[in-house]
1. With the condition kept exactly as written, say whether any residue in region 142-163 is among the β-branched types (Val, Ile, Thr) and crowded, with 16+ Cβ neighbours inside 10 Å.
2. I'd like the residue in region 97-134 that is surrounded by 24 or more Cβ atoms within 10 Å (Cβ to Cβ) and of a type in the set (S, T, N, Q) and, out of all such residues, is nearest to Arg157 (Cα to Cα).
3. For region 22-38, which positions are within 15 Å of Lys64 (Cα to Cα) and either β-branched (Val, Ile, Thr) or surrounded by fewer than 24 Cβ atoms within 10 Å (Cβ to Cβ) (or both)?
4. Which ones in region 4-21 are aliphatic (A, V, I, L, M) and surrounded by fewer than 19 Cβ atoms within 10 Å (Cβ to Cβ)?
5. For region 180-202, give me each residue that is within 20 Å of Cys113 (Cβ to Cβ), part of a loop (DSSP other than H, G, I, E, B) and acidic (Asp, Glu).
6. Restricted to region 204-223, and to residues that are loosely packed, with under 14 Cβ neighbours inside 10 Å and within 12 Å of Leu43 (Cα to Cα), which residue is nearest to the chain's Cα centre (by Cα)?
7. Output the number of residues of region 121-179 satisfying the condition of being among the small types (Gly, Ala, Ser), free of Cβ contacts under 8 Å to residues at least 12 places away in the same chain, at negative phi and part of a loop (DSSP other than H, G, I, E, B).
8. Name, by its number, the condition in (1) over 19 Å from Asp195 (Cα atoms); (2) in a loop (DSSP other than H, G, I, E, B); (3) of a type in the set (Gly, Ala, Ser) that does not hold for Gly101.
Amino acid sequence: MDARFLGTAELVETPSAAVVVDVMRAFTVAAWAFARGAEKIVLAASLDEALALKEDHPEWVALKDGPPAPGFDAVNSPGLLRSADLGGRTVVQKTTAGTVGALAVKDAPLVLCAGFVVAEATAELLRARGCDSVTYVVTGEDGRADEDLACAQYIARRAAWDGEAVAGEYLRRAGASRAAEELAQGVREGAHPDDVALCLELDRFPFAMVAAVEDSLMVLRPYA
């Protein structure tokens, strides 16, 4: 299985299969949203689009990066979202990196969104689909975020049935990343003290997350 690791800005062609990785925190949050009962997640291109969708659908739950803001129901924090009741709800998510990366590959035949919490389920789905070539979109820090690259490399090795892919070294890299340090030090607003630990829970959830265009919107759904 051929694997490429690119930042969002480096994408120059539509891949046949894409895994968009945002460990801290967009797709860890997305996985928690599904675990808390969300039916689907709409990935918004801008804050204005997220607010417009919320206005059109008041029953939807809108979340964003950073501190709480008028019009939004939640922030992009797994620690703050894990107690939410999202049964049957639609979530609108807009983040700085993760949602941007997913929208950049929206025309790909297969788009998966991932973090460590769904790593094995993501690798299993890639194997099941028989993907010969996969582009891993490293969303954080313009493609240089080590937590995202570590997760992408781990999933790639698991997807290739590499028995030597020991998770510990990849999790250590993620835990020592700039994003982890900033979250631990409280530099980033809209965070919870447990966010880093929750983002590093390997295979917490048994589903992958597949994104596809539905009625002109990029929609993320769990895939067991």
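The values are calculated or read from the model by the stated rules, or taken from the named source; none is laboratory data. Remember, it's a predicted structure, so these values are computed and weren't measured experimentally. Every residue, glycine as well, gets a Cβ built from its backbone with ideal geometry; the counts of neighbours run over all protein chains shown.
1. Yes - at least one qualifying residue is present in region 142-163.
2. Selected residue: Thr122.
3. Result: Thr28, Val29.
4. Ala9, Leu11, Val12
5. Result: Glu201, single match.
6. Val213
7. 2
8. All conditions are met except number (2).
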